[in-house]
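Working notes, structure below.
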Amino acid sequence: MVTGECSSGTIRTTFAAVPHRGTVFAAKATLVAAVMYVLTLLSCSTAYVVGDATLPEGRYAQGDPLPALFGIAASFAVAAVLGLAVGTLVRHSAGAVTTVIGLLLLPSLFGPLFGNAERWIAGLSPAAALEKLTQTSDAAADTVGSLGPWPSLLLVAAGTAGVSLAALLLLRRRDV
């Protein structure tokens, strides 16, 4: 949404058409979040229905699907906005992808190296919020923290809002 425009120079045309950079950033964030939310909700709902129809009855424990489906869709939308914000900061596709993957996965991967602090480090990860929302058995309190799924998602959303604010401030000050 941003890095391609920066590399090709079409971001100049975008800012010439809409000089308020905050409006451009907000529109891009709204669009990417809405599209990701709808696509994820449809995909997860379809996967749930197919899984429910094909898995043997009573063999696997099922969680409550409705709040989980909405939370998973919101988690993906938050991750998409994080990608947009990092892309705005970095202005390079490969760097943005690498940074976002690192932000999403590294806390969960390196959390066990910190002993008793693992639940605090891994619990801040967007992957931990997603594990809690999907109600997986991997989401034990000693590995992903004791916060519930919704507070974890709010914590990740707050971090994304901070990165988005930094991207917006830099976008307003930086020359294209």
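The values are calculated or read from the model by the stated rules, or taken from the named source; none is laboratory data. This structure is a prediction, so every number in the text was calculated from the model and none was measured. Every residue, glycine as well, gets a Cβ built from its backbone with ideal geometry; the counts of neighbours run over all protein chains shown. Areas reflect the complete protein model, heavy atoms only, side chains present, ligands, DNA and RNA absent. Shrake-Rupley method; radii C 1.70, N 1.55, O 1.52, S 1.80 Å.
What number of residues in the stretch 1-20 are assigned to a helix (DSSP H, G or I), open to solvent by 50 Å² or more (accessible area, probe 1.4 Å) and of a type outside the set (A, V, I, L, M)?
Let us first name the residues in the stretch 1-20 that are assigned to a helix (DSSP H, G or I), namely 3-8, 11-17.
Add one more test, that the residue is open to solvent by 50 Å² or more (accessible area, probe 1.4 Å), and what stays is 7-8, 12-13, 16-17.
Retained after the next criterion (residues that are of a type outside the set (A, V, I, L, M)): 7-8, 12-13.
Qualifying residue count, the stretch 1-20: 4.
Can you find even one residue in the stretch 116-130 that is under 20 Å from S164 (Cα atoms) and in contact with a Cys (Cβ under 8 Å, 6 or more places away or on another chain)?
No, there is no match, as no residue in the stretch 116-130 is under 20 Å from S164 (Cα atoms) and in contact with a Cys (Cβ under 8 Å, 6 or more places away or on another chain).
Kindly establish whether T40 is within 30 Å of V163 (Cα to Cα), surrounded by 12 or more Cβ atoms within 10 Å (Cβ to Cβ) and touching a Gly at 6+ places or on another chain (Cβ under 7 Å).
Values: within 30 Å of V163 (Cα to Cα): yes; surrounded by 12 or more Cβ atoms within 10 Å (Cβ to Cβ): yes; touching a Gly at 6+ places or on another chain (Cβ under 7 Å): no.
Against the criterion (within 30 Å of V163 (Cα to Cα), surrounded by 12 or more Cβ atoms within 10 Å (Cβ to Cβ) and touching a Gly at 6+ places or on another chain (Cβ under 7 Å)), T40 does not qualify.
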Of all residues in the stretch 52-86, count the ones that are part of a helix (DSSP H, G or I) and more than 22 Å from L154 (Cα to Cα). 3
Looking at the stretch 145-168, which of the residues that are open to solvent by 40 Å² or more (accessible area, probe 1.4 Å) and over 16 Å from the mean Cα position of the chain (by Cα) is modelled with the highest pLDDT? A166
So which residues in the stretch 125-137 are surrounded by 13 or more Cβ atoms within 10 Å (Cβ to Cβ) and of a type in the set (S, T, Y), if there are any at all? S125, T134
Within the stretch 94-124, work out how many residues are modelled with pLDDT of 80 or more, out of contact with any Gly (no Cβ under 7 Å at 6 or more places or on another chain) and either open to solvent by less than 40 Å² (accessible area, probe 1.4 Å) or among the hydroxyl-bearing types (S, T, Y) (or both). 5
Being more than 23 Å from M1 (Cβ to Cβ) and either free of Cβ contacts under 8 Å to residues at least 40 places away in the same chain or in a helix (DSSP H, G or I) (or both) is true for just one of V49, V24, V32, V38. Which residue is that? V49
